[in-house]
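Working notes for the structure below.
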Amino acid sequence: MASLNVGNLGEYLREQRRSAQLSLRQLADAAGVSNPYLSQIERGLRKPSAEVLQQVAKALRISAETLYVRAGILDEKERDELETRAVILADPSINERQKQVLLQIYESFRKENGFETPAHTDTYDNGSDAGPEQAPPSS
């Protein structure tokens, strides 16, 4: 069954590479992997590490989490949650405090709807318990 996932990953990578109009060699160079190794991944003969998938995703300008799901490293629910967090954290139109508050609100809604808070939520925790209703001390 693992080879099926790897094959599915390889087919998906090939489709993404072709839609990006990159040759196998160009993608391999951009991702920092060897041409033969990338070819083996595309043909379903090798299962790449998460690090290699991240490099390939960056070179293709696609979500690494999508590749993790295709490779069986991450399930789809985890991917959706990670992508939601990543979009919030990457948004240049809101400041860091606003990002923290938004992520806290997101977590409260997830809890309210019966979803457990994942162990990795501390990646956006700034250590402050101050919510949006608490103003900084006045001078």
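The values are calculated or read from the model by the stated rules, or taken from the named source; none is laboratory data. These numbers were taken from a predicted model, which means no experiment stands behind them. Positions of Cβ are backbone-derived with ideal geometry, glycine not excepted, and every protein chain shown enters the neighbour counts. With ligands, DNA and RNA removed, areas are computed over all heavy atoms of the protein, side chains included. Shrake-Rupley method; radii C 1.70, N 1.55, O 1.52, S 1.80 Å.
Mind listing just one residue for me: the one in region 50-74 that is within 13 Å of residue 9 (Cα to Cα) and of a type in the set (D, E, K, R) and, of those, surrounded by the fewest Cβ atoms within 10 Å (Cβ to Cβ)?
Per the stated criteria, the residue is 70.
Hey, residue 101 hits all of (1) modelled with pLDDT of 90 or more; (2) under 19 Å from residue 16 (Cβ atoms) but one; which does it fall short on?
Exception for residue 101: condition (2).
Consider region 25-49. How many of its residues are open to solvent by 40 Å² or more (accessible area, probe 1.4 Å) and among the aliphatic types (A, V, I, L, M)?
The qualifying residues number 2.
When you scan region 4-101 for helices (runs of 4 or more DSSP H) that lie fully inside it, which ones turn up with 1 or more residues that are closer than 30 Å to residue 115 by Cβ?
Answer list for region 4-101: 50-60, 64-71, 76-90.
Quick one: would you say residue 81 is among the charged types (D, E, K, R) and open to solvent by 50 Å² or more (accessible area, probe 1.4 Å)?
Details: among the charged types (D, E, K, R): yes; open to solvent by 50 Å² or more (accessible area, probe 1.4 Å): no.
Here the answer is no, as residue 81 does not meet what is asked.
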